[in-house]
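**Q** Once you've had a glance at the structure underneath, I'll fire off some questions.
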Amino acid sequence: MFSIWKSVTKSSIGFWVYRHEFHRTFRSYVTATAFTHQKGASTCQQLKSRSLLRIAGLDAKEFLQGLLTNDMHCFTASHCTSQYSMLLNTQGRVLWDLIVYKVADGEDRQEVYLAECEREFADDILKHMKKYRVRKKVDLANIHEEMHSWIVLPSGETSLSIVKNKSVVFSSTDPRVAELGHRFVLRDGIKASDVVENCQEADDATWYEQLRYRLGVGEGSIDHPPAQCFPLECNIDYLNGVSFNKGCYIGQELTARTHHTGVVRKRLMPLRLGSELKDKLRSDAPIVNSAGRSVGKLRGLVAAHALGLMRVKEW
């Protein structure tokens, strides 16, 4: 247990207005805490903890439409190329978070999508999807040995200059927040620095995690423990990861009801730890305020940055 009042500075949390106006300040906080890196050069890193699943077939879109929180029809209606989404269980709790990429329309009108997920659970996600495939014309495969996900963060306002290369399977701005840079899917053996001009790999292996935590964006099972948290607690509504206008999907009822009542008691929030605490804490450590009252629980932490599931009113 640790006291948040002793370990977290006001400037790191983002103006102390999370308590009543979190929905108004999330984007402002993300912009204000943009990660700094070497001027003039883009920074890249392979996301080794992530894997890619291939979903293809005549019924691929409708198949995913019934499983994911987001609306797959946006790929046609708004011409988007990527979207953030989640898989829920029947109780409306988060199982896994995904980033879905529309790669191309294959032969015979077959649509091809890639789903980026946590590598540790890739096979579990495939198994989960196969339970709902029934007679749909969909092919599912784990292609982590063929392709890999990379993040590229441009320097300042500089736009990326991409070398034309068949090894670039997909590239797009991160669909959650633009400050997370660009997502690339590259074939095995190719680095982002090979296809993006003036780009260098990050020296710190935790660079991407620190960037995410500084921006307050959760990802994977540490930040979203499977079957233990709800999508709105994970800020899925602020990260463009849910549609409240689409039809039914697994876990939709509770998610929609919570949204329409407007009551979300806990939210995932970014924290900055004091130097005396960052090496002594563990995930799930309780967080208390100056009065000794529990106000949340620690999720993941990297260096001095962390995410906590905080009680909005208590905060």
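The values are calculated or read from the model by the stated rules, or taken from the named source; none is laboratory data. Since the model is a prediction, treat every value here as computed from it, not as a measurement. As a convention, Cβ positions derive from the backbone with ideal geometry for all residues, glycine included, and neighbour counts pool all protein chains shown. The protein model used for the area step is the full one, side chains on, heavy atoms only, and it has no ligands, DNA or RNA in it. Shrake-Rupley method; radii C 1.70, N 1.55, O 1.52, S 1.80 Å.
**Q** Positive end of the dipole of region 177-315, charges at C-beta (+1 Lys, Arg; -1 Asp, Glu), about the Cα centre: which of Gly181, Val288, Leu298 has its Cα farthest in that direction?
**A** Among Gly181, Val288, Leu298, the one farthest towards the positive end of the dipole of region 177-315 is Val288.
**Q** Sequence gap at least 6, Cα distance under 8 Å: using those rules, report the relative contact order of region 149-278 to the nearest whole percent.
**A** Value for region 149-278: 22 percent.
**Q** Which value, in Å², gives the accessible area per residue of region 152-215 when a 1.4 Å probe is used on the protein heavy atoms?
**A** For region 152-215, the solvent-accessible area averages 48 Å² per residue.
**Q** By per-residue mean of other Cβ atoms within 10 Å, what is the highest-first order of 131-140, 290-299, 263-272, 192-201?
**A** Values: 131-140: 12.9, 290-299: 15.3, 263-272: 19.6, 192-201: 17.6.
Result, highest mean Cβ count within 10 Å first: 263-272, 192-201, 290-299, 131-140.
**Q** If you don't mind, another one. PRE reach from Lys164 (point 7 Å along Cα→Cβ): which of region 70-103 fall under 13 Å by backbone N?
**A** It comes to no residues whatsoever.
**Q** Which whole-Hz couplings ³J(HN,Hα) result when phi for each residue of region 208-214 is put into the Karplus expression 6.51 cos²θ - 1.76 cosθ + 1.60, θ = phi - 60°, listed in order with x for Gly and Pro?
**A** 5, 4, 5, 4, 4, 5, 5
**Q** Mind checking the full-extension length gain between Asp194 and His79? Use 0.36 nm per residue of separation minus the Cα-Cα distance, one decimal, nm. All intermediate terms of the calculation are to be shown ahead of the outcome.
**A** Numbers: separation 115, 0.36 × 115 = 41.40 nm, distance 2.78 nm.
Contour length minus Cα-Cα distance gives 38.6 nm.
**Q** Would you list Arg214, Arg176 from the most to the least accessible area, probe 1.4 Å?
**A** Descending accessible area places them as Arg214, Arg176.
**Q** Quick one: how many lysine pairs in region 158-315 have C-alpha atoms under 21 angstrom apart, if they're 8 or more apart or on different chains?
**A** So the count works out to 7.
**Q** What's the carbon and sulfur percent of region 207-315's accessible surface, probe 1.4 angstrom, rounded to a whole number?
**A** It is 46 percent, rounded to a whole number.
**Q** Tell me, what is the per residue accessible area of region 249-303 in Å², probe radius 1.4 Å? Could you put the intermediate results ahead of the total?
**A** Values: 3010 Å² over 55 residues.
Ligands and nucleic acids excluded, the figure is 55 Å² per residue.
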